[in-house]
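Data first, discussion second: the structure below is written as structure tokens.
Read the figures in this text as sums done on the coordinates, not as results from a lab. All values reported here derive from a predicted model rather than from experimental measurement. Cβ coordinates were reconstructed from backbone atoms using ideal geometry, including for glycine residues, and neighbour counts include every protein chain displayed.
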Amino acid sequence: MSAELHVVADGVWTIHHRDFSMGGMRLGTRSNLFRLADGTLALHAPGPLTPAQIAAIRGLGEVSVVLVPNLLHNGYCAAAARAFPAAKVIAAPGVAAKVSGMAVHEELGERAPGAFAGVAEMMRLEGCPKMGEYVFFLPGSRTLLGVDLAFNLHGLTGFDRFAMWMNNANDKFCVTNLGRSMYVADRAAAGGSVVRMTDAWDVEQIVVSHGELLKSDGRRVLREAWSFALE
């Protein structure tokens, strides 16, 4: 297995782009992969993939889906589509209008795409229209794939740590203060989504774009992170 790829579970991988920065903060981001029932791969929330990382992905097999699951993480999806030209691009509604030079073949809706049958289930995070996020659950490994659903940042230093201190987001799995104020437009709707997810899905592990993998007790930790919207 390439050092570029971290095994999350059987048939699930992540690539941590640790040097990714936004707003002057080095918070990292992730590209994730999961294997579909036909043996091909879905590339979830692609980040700034290097040639070595693209080669490592190709070593796993054919990428048949490039999945863009929210409106905020779209800066690298066109490059991913070019790297895997045979892949079908499946994206959250609104992505096509934000990304030029990339064809969206299917928009996410009420049900998980047919390509994910038997492997992944899906729910939309309601109440957060600027985020437009769709969350995926892989029941075979009890792994939840989120993007900006929460942050899980640990061990930050310097300005990064100060910024996350201001966001009450150091060394824990949480929704940042900025996320609550800027992206959660309807707390009741968002909280209801999280309740439906945690009622329906026996979540153990959680992968989010910014921070470390949550390796256990995902159902409880996710509800705690969103407890501000459950009151």
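Sequentially through segment 46-63, phi angles give Karplus couplings (6.51, -1.76, 1.60; θ = phi - 60°) of x, x, x, 6, 8, x, 5, 5, 4, 5, 5, 5, 4, x, 7, x, 7, 8 Hz, Gly and Pro residues having no value and appearing as x. For residue 25, no residue whose modelled amide H falls within less than 5 Å of its own remains once neighbours fewer than 5 places apart on the same chain are excluded.
As a proxy for reagent exposure, 40, 50, 29 were ordered by neighbouring Cβ count within 10 angstrom, fewest first; the result is 50, 40, 29.
In sequence order, segment 178-186 has phi-based couplings of 5, x, 5, 7, 8, 10, 8, 7, 9 Hz under the Karplus curve 6.51 cos²θ - 1.76 cosθ + 1.60, θ = phi - 60°, and Gly or Pro positions carry x.
Equivalent ellipsoid of segment 5-136: semi-axes from √(5λ) of the C-alpha gyration tensor, largest first, are 20, 19, 15 Å.
Annotation for residue 40 and residue 106: the two label points, set 7 Å from Cα along the Cα-Cβ direction, are 1.0 nm apart. Along the chain, counting only trypsin sites (Lys or Arg not before Pro) with a DSSP assignment other than H, G, I, E or B and at most 15 other Cβ atoms inside a 10 Å radius, the longest segment between sites is 19-110.
Calculated mean residue ellipticity, 222 nm, the chain: -7000 deg cm²/dmol, from DSSP H runs (n ≥ 4) at -39500 (n - 2.57) each, averaged per residue and rounded to 500.
Calculated over segment 82-135, the projected area of the Cα convex hull averaged across directions stands at 4.4 nm².
The phi torsions of segment 77-89, fed into the Karplus equation with coefficients 6.51, -1.76 and 1.60 and a -60° offset, translate into couplings of 6, 5, 5, 5, 5, 5, 5, 10, x, 7, 7, 7, 8 Hz, rounded to whole numbers, with Gly and Pro shown as x. Shown here are the Rg and Dmax of the Cα trace of the chain, at 16.5, 47 Å. Hydrodynamic analysis of segment 67-180 uses the Kirkwood radius over alpha carbon pairs. Inserted into Stokes-Einstein at 37 °C and 0.692 mPa s, it gives a translational diffusion coefficient of 209 µm²/s.
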